[in-house]
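Colleague: Below is the structure I would like to discuss, written out as structure tokens.
The values are calculated or read from the model by the stated rules, or taken from the named source; none is laboratory data. Computed from a prediction, not measured in an experiment: that's the story for all the values here. Note that each Cβ is placed from the backbone with ideal geometry, even for glycine, and that neighbours are counted across all protein chains shown. These accessible areas exclude ligands, DNA and RNA; they are computed on the full protein's heavy atoms, side chains included. Shrake-Rupley method; radii C 1.70, N 1.55, O 1.52, S 1.80 Å.
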Amino acid sequence: MGMFYGHNQVKREPLSGLGYGLLYNWYAANTANFATSGWHLPTETEYITLIRFLGGDNVAGGKMKDSGYTNWNSPNIGATNSSGFTAYGSSYRGVDGSFSILKITFVAWSSGTHKYSIELDYYSAQAFLGTGNPIVGTSVRLIKDSTSLLDGETSTMTDYDGNVYDTICIGTQEWIVQNWKCTHLNDGTTIPEVTDNTIWAQQMDGALCAYNNDWNYV
């Protein structure tokens, strides 16, 4: 593990904010023990499976987005959340450390060396897959290694910090419904919070932040 990580067995109190979760650079999200045991950062292939199950690239995004205008800007095209994935427009942190506008986009990392991410936008019902710069901070959704749930069935899971997430089975995949907001790896190692734009832009190891460095958004 890189020099920015440190062990800290003191857990943060479970978070309760506006529900946008935390933003993680790829170096943090792709760490082997990032997720709670039994869960993992989805692969590009697993995102493709999800998108195909929801009808393909052109409509899947709408079925994944939270409907209405509380967590997305208008017009939030195609948003029905019929899948129960409940994506918010949680934004991202760019390579220069600046934050994009809230409620216009949802971006989340996948695992693997190609650094793929999924993107949903307020102006489209599409779901996009593409490569991302590892310095960028995005949301994270986790998928269960295997599930006994059937399509549409729900459950819960708990992270190292004690945050409880709803889960839903979409097709044969069980996903967490809220964006990840854990401040530790699953062995208790603290993921550093980086607020300074210059440091974020130069970070070559795991880091996290709240949107606009304001934990009320989490």
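Colleague: Could you grab the pairs with beta carbons closer than 9 Å, sequence gap of 6+ or different chains, first residue in segment 28-43 and without any contact (Cβ under 8 Å) to a residue 40 or more places away in the chain, second one of a type outside the set (Phe, Trp, Tyr)?
Modeller: Ala32/Leu185
Colleague: Which residues, counting only those in segment 122-167, are assigned to a strand (DSSP E or B) and hydroxyl-bearing (Ser, Thr, Tyr)?
Modeller: Residues satisfying the conditions are Thr131, Thr138, Ser139, Thr154, Ser155, Thr156, Thr158, Tyr165, Thr167.
Colleague: Follow-up question, since we're still on this one. Is it true that some residue in segment 95-111 is in contact with an Asp or Glu (Cβ under 9 Å, 6 or more places away or on another chain), more than 18 Å from Leu54 (Cα to Cα) and open to solvent by 50 Å² or more (accessible area, probe 1.4 Å)?
Modeller: no
Colleague: Let me ask you something else. In segment 198-209, how many are buried (at least 16 other Cβ atoms within 10 Å of the Cβ) and not small (Gly, Ala, Ser)?
Modeller: Total meeting the criteria: 5.
Colleague: Assuming Ser90 fulfils every condition listed in (1) open to solvent by less than 10 Å² (accessible area, probe 1.4 Å); (2) without any contact (Cβ under 8 Å) to a residue 12 or more places away in the chain apart from one, which condition is it?
Modeller: (2)
Residue-by-condition table, conditions (1) within 29 Å of Thr70 (Cβ to Cβ); (2) over 18 Å from the mean Cα position of the chain (by Cα); (3) surrounded by fewer than 15 Cβ atoms within 10 Å (Cβ to Cβ):
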| position | (1), (2), (3) |
| --- | --- |
| Ser124 | yes, yes, no |
| Asn133 | no, no, yes |
| Lys144 | yes, no, no |
| Thr158 | yes, no, yes |
| Ile170 | yes, no, no |
| His184 | no, no, no |
| Thr195 | yes, yes, yes |
| Tyr211 | yes, no, no |
